[in-house]
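A.B. asks: I'd like to ask you about the structure that follows.
Please treat every number below as a calculation from the coordinates, not as lab data. No experiment lies behind these values; they were computed from the predicted model shown. When we count neighbours, we look across all protein chains shown, and the Cβ atoms used for this are built from the backbone with ideal geometry, even at glycine.
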Number of protein chains: 2
Amino acid sequence: MKEWMNILSLTKPVIQAPMAGGLVTPRLAAAVSREGALGSLASGYLSPQVLEKQIAEMQALTSRSFQVNVFVPESRETPDEKALEKWKTSIPLAEQAPPMTTEEQDWEDFYEKIKLIIKYKVKACSFTFGMPPAATVRELKDNGCFLIGTATSIEEAVALEERGMDMIALQGSEAGGHRGTFLPAKGESSLGLIAFIPQAADAVNVPVIAAGGIFDRRGVQAAEILGAQGVQVGTAFLMCAESEASRIYKRELLAAQGTDTRLTSLFSGKPARGIVNEWMKQKQSEEADTLPYPLQNTLTKPMRQNAAAQQDSGHISLWAGQSAGGLHAATDVKTLLDQLC
Amino acid sequence: MKEWMNILSLTKPVIQAPMAGGLVTPRLAAAVSREGALGSLASGYLSPQVLEKQIAEMQALTSRSFQVNVFVPESRETPDEKALEKWKTSIPLAEQAPPMTTEEQDWEDFYEKIKLIIKYKVKACSFTFGMPPAATVRELKDNGCFLIGTATSIEEAVALEERGMDMIALQGSEAGGHRGTFLPAKGESSLGLIAFIPQAADAVNVPVIAAGGIFDRRGVQAAEILGAQGVQVGTAFLMCAESEASRIYKRELLAAQGTDTRLTSLFSGKPARGIVNEWMKQKQSEEADTLPYPLQNTLTKPMRQNAAAQQDSGHISLWAGQSAGGLHAATDVKTLLDQLC
């Protein structure tokens, strides 16, 4: 039994990826935790009020460990004025976009969420898009919370260890959804796990977890041989009955090959891996012009919401990892976890 | 013992990647074959005359199996006239570029090379950048040659099996050098091996080999658990005393992290993974304008040759896989193979 599994009373070295944007609710996360893996609430786009409700709901559903994932707020970049005007007119329904949050509001929410994690004695907390402040790390640790950072490079893994993380999730290039990159790289921060895991395991002393492209037992065992103490799985959980992924989303996942995905900033302003759809094809040549995160994300929100309501898979973000081609049927949490290990 | 290893009388399930461009000579390939792995001659940029000399030299050095890799000729794309004028003036020494070969000449050379492979009873032949004609496949097989194709997607793996390949090398996104992609993909043909191997192993009946990002025992074992019957290793062999990589190239490899590499078309007109250097940084914004392969390659040749002579690592192609960060010392073929398995 690995120490981190002991600390969190897990029987399976599997973390359900905290996929933000309404895909994960306590129903899915609790089903995962009940099977002895680590369920995750994704607080990234939630208000502290909604997160509090989800934590309470989660604790009513299971007494097992779970984690809350928190986005580390980022500095706002000033958009190019010409690009802003162009996107305002070329993104459908952009005029209905809500006001964008400020960095100050993001930090207020961040600290509110940390308070809730402490108040409700949540066993583990993970971070994406950066490093939490040192004082936050100390406060959470003083309250017995297990901390997980997200790295997309060796440099980020080393920095997260120095900041006090208890474990580091290595986000391989295979992973679906947003890249968690927060430090600049000379080349590209998208290492395939077969190269990333052993290099990271050699570079840090805390345990590392492999995230990206894993959909069955072979991936889990390979990750462990490479030096990981467990895996984080996202896309495969979207195919579970307990997930909130829509019918059209599940249909696209089922039909997809791993090569049907690519990184795009067209939905949010930040690179994320998803199945190529109409919006990505139509605007591919304007990829380099996208507005900085979260501005592009805010402007595309009405388009995405409207498409979801219309069951139009061409204008919602179909985040998916390169595991997509390995998913051949609808499933449920217990069956999937039994297939993983 | 795996059947393909039996056929080729190997004791190690390792192929030395056929890295074209003068990096591999019979000295390196023979050292690999003598240790029971599969040495490879890289005929891509060689004339049939030079290849014949290398095969003879190889057979004088070892009686063990080796392979010859052949590029499948590609149709020439017409360059954009404006882009052509721009690059002719902005690539240093472009005016000294040799005439570009025609597709017809490439095919003549291709068939000459196939004749040599048959004449010298070379045990194995691998192909990059496409599928050999069906008649060539039959001729080689009638002469007892073992055929290996290179795939960057499930679709390519399936097509190569249908064309009659005995084995398929899966080129993961981690791999250094040129992408072997020859069929269009909806997204990107750059699957990480942890996702690619199991999906490909399920899709074809012939054995698959994993190429990209592997530098020690952990990668070899992981690849096998994922469903590969062996591995192909490139970058790590460049650090061997027996390789022809220059002193400056080896120095850059030793200093590199895996995230110091990225895909670029700036050297050849075709995407290839290398360590980011001066030329790649300087022309990054013009990446989308590069001339089609092999025109860009021909025009940058004098610049690359001159830089090599001047020991200027900023203007040569520093092809490297994401394994680069795992290479910590100069080595030799025997030591490296002992570390791999």
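A.B. asks: Residues of the range B:49-63 with backbone nitrogen within less than 12 Å of a virtual label 7 Å along the Cα-to-Cβ line of residue B:102, please, listed as ranges.
C.D. replies: Hits in the range B:49-63 for residue B:102 at 12 Å: none.
A.B. asks: Also, I was wondering about something else. Among the aspartates and glutamates, select those whose C-alpha is under 16 Å from the C-alpha of residue A:2, and discard any that sit fewer than 8 residues away in the same chain.
C.D. replies: Cα-Cα hits under 16 Å: A:166, A:224.
A.B. asks: Please compute the modelled spin-label separation between residue B:115 and residue A:134, points set 7 Å along Cα→Cβ, answer in nm with one decimal.
C.D. replies: 7.3
A.B. asks: Out of the range A:226-265, which GluC sites (Glu not before Pro) are coil in DSSP terms and have no more than 15 other C-beta atoms within 10 Å?
C.D. replies: A:244
A.B. asks: Give the separation of the Cα centroids, the range B:111-167 to the range B:29-64, in Å.
C.D. replies: Here the two parts' Cα centres lie 17 Å apart.
A.B. asks: If we hang a label 7 Å off Cα along the beta carbon direction at residue A:285, how far is it from the matching labels on the other copies, in nm, shortest first?
C.D. replies: Ordered by increasing distance: 2.0 nm.
A.B. asks: So which lysines pass the test for residue B:141, namely a Cα distance under 17 Å, with those fewer than 8 places away in the same chain ruled out?
C.D. replies: Once the sequence-local lysines are set aside, what remains near residue B:141 is B:113, B:115, B:119, B:121, B:123.
A.B. asks: Taking the Cα centre as origin and putting +1 on Lys and Arg beta-carbons and -1 on Asp and Glu beta-carbons, what dipole magnitude results for chain B, to the nearest 20 debye?
C.D. replies: For this selection, approximately 840 debye.
A.B. asks: Among DSSP beta bridges whose residues both lie in chain B, state the antiparallel percentage, nearest 5.
C.D. replies: 20
A.B. asks: Follow-up. Apply the Karplus curve 6.51 cos²θ - 1.76 cosθ + 1.60, θ = phi - 60°, to the phi angles in the range B:110-122 and return the couplings in whole Hz, x for Gly and Pro.
C.D. replies: With coefficients 6.51, -1.76 and 1.60, one gets 4, 5, 4, 5, 4, 4, 5, 4, 6, 4, 8, 6, 5 Hz.
A.B. asks: Nearest-5 percent of antiparallel DSSP beta bridges in the protein assembly as shown?
C.D. replies: 20
A.B. asks: Once the label point is placed 7 Å from Cα along Cβ, list for residue B:335 the distances to the corresponding points in the other copies, in nm, shortest first.
C.D. replies: Shortest to longest, the spacings are 5.2 nm.
A.B. asks: Which of the listed residues, A:300, B:30, B:130, is farthest toward the dipole's positive end in the protein assembly as shown, when Lys, Arg count +1 and Asp, Glu count -1 at the beta-carbon?
C.D. replies: B:30
A.B. asks: Still on this structure, please answer the following. Looking only at B:135, B:185, B:203, which one moves most when chain B is put into a Gaussian network model with springs between Cα atoms under 10 Å?
C.D. replies: Fluctuation is largest for B:135.
A.B. asks: Next up: Using helices alone, what [θ] at 222 nm do you get for chain A, with -39,500 (n - 2.57) per DSSP H run of 4 or more residues, divided over all residues and rounded to the nearest 500?
C.D. replies: The helix contribution divided over chain A gives -11500 deg cm²/dmol.
A.B. asks: When each copy gets a label point 7 Å from Cα toward the beta-carbon at residue B:305, what are the spacings between them in nm, shortest first?
C.D. replies: 6.3
A.B. asks: Sticking with this one: Give a quick list of GluC sites (Glu not before Pro) in the range A:1-90 that DSSP marks as loop, anything other than H, G, I, E or B, with at most 16 other Cβ atoms within 10 Å.
C.D. replies: Taking the range A:1-90 and a limit of 16 other Cβ atoms within 10 Å, the loop GluC sites (Glu not before Pro) found are A:74, A:77.
A.B. asks: Shifting gears a bit: What span do the alpha-carbon atoms of the range B:58-194 cover on each of the three principal axes, reported in whole Å from largest to smallest?
C.D. replies: Cα extents, longest axis first: 49, 37, 29 Å.
A.B. asks: Over the range A:1-81, what is the mean sequence separation of C-alpha contacts under 8 Å (at least six apart), divided by residue count, expressed as relative contact order in percent?
C.D. replies: 31
A.B. asks: Only Cα pairs under 8 Å and at least 6 apart count here; give the relative contact order of the range B:6-147 as a rounded whole percent.
C.D. replies: Computed over the range B:6-147, the figure is 24 percent.
A.B. asks: Between residue B:95 and residue B:59, what length in nm is gained on full extension when 0.36 nm per residue of separation is reduced by their alpha carbon distance?
C.D. replies: Full extension from residue B:95 to residue B:59 adds 9.0 nm.
A.B. asks: Relative contact order for chain A: what percent, with Cα pairs under 8 Å and sequence separation of 6 or more?
C.D. replies: 18
A.B. asks: Tell me the angle of helix A:217-226 to the major Cα principal axis of chain A, expressed in degrees between 0 and 90 and rounded to the nearest ten.
C.D. replies: 70
A.B. asks: Rounded to a whole number, what is D in µm²/s for the range A:3-340 from Stokes-Einstein with the Kirkwood radius over alpha-carbon pairs (20 °C, 1.002 mPa s)?
C.D. replies: 107
A.B. asks: Okay, moving on. For the protein assembly as shown, what is the convex hull (Cα atoms) projected area averaged across all directions, in square nanometres?
C.D. replies: 28.8
A.B. asks: Could you give the angle, 0 to 90 degrees to the nearest 10, between helix A:81-90's Cα long axis and the longest principal axis of the Cα atoms of chain A?
C.D. replies: 80
A.B. asks: Identify which of A:43, A:268, A:285 has the largest mean-square fluctuation in a Gaussian network model of chain A, with springs joining Cα atoms closer than 10 Å.
C.D. replies: Most flexible of the set in this elastic network: A:285.
A.B. asks: Summarise the partner chain shielding of A:211-220 as one whole number: the mean count of Cβ atoms from other chains within 10 Å of each residue's Cβ.
C.D. replies: Taking the mean over all residues of the peptide, I get 4.
A.B. asks: Taking the alpha-carbon centroid of each part, what is the distance from the range B:235-266 to the range A:273-333 in angstrom?
C.D. replies: After rounding, the separation between the Cα centres reads 36 Å.
A.B. asks: In the protein assembly as shown, if the dipole is taken from +1 on Lys/Arg beta carbons and -1 on Asp/Glu beta carbons about the Cα centre, which of B:285, B:68, A:190 is farthest to the positive end?
C.D. replies: Ranked along the dipole, the leading option is B:68.
A.B. asks: Summarise the partner chain shielding of B:247-258 as one whole number: the mean count of Cβ atoms from other chains within 10 Å of each residue's Cβ.
C.D. replies: 2
A.B. asks: About the Cα centre of the range B:228-341, how large is the charge dipole given +1 on each Lys and Arg Cβ and -1 on each Asp and Glu Cβ? Please answer in debye to the nearest 20.
C.D. replies: I would put it at about 80 debye.
A.B. asks: Listed here are the pairs A:88/A:281; A:88/B:270; A:270/B:88; which of them are more than 26 Å apart at the Cα?
C.D. replies: As for pairs spanning more than 26 Å Cα to Cα, those are A:88/B:270; A:270/B:88.
A.B. asks: Taking every residue in A:130-142, how many Cβ atoms of other protein chains lie within 10 Å of its Cβ, on average?
C.D. replies: Counting Cβ atoms of other protein chains within 10 Å of each residue's Cβ and averaging gives 0.
A.B. asks: Roughly how tilted is helix B:193-203, in degrees to the nearest 10 and between 0 and 90, from the longest Cα axis of chain B?
C.D. replies: Helix B:193-203 sits roughly 50 degrees off the main axis of chain B.
A.B. asks: Among B:40, A:173, which comes first, second and so on when ranked by fewest other beta-carbon atoms within 10 Å?
C.D. replies: Fewest-to-most ranking of B:40, A:173: B:40, A:173.
A.B. asks: Can you give the charge dipole size of the protein assembly as shown about its Cα centre, rounded to the nearest 20 debye, using +1 on the beta carbon of Lys and Arg and -1 on the beta carbon of Asp and Glu?
C.D. replies: Here the size comes out at about 1140 debye.
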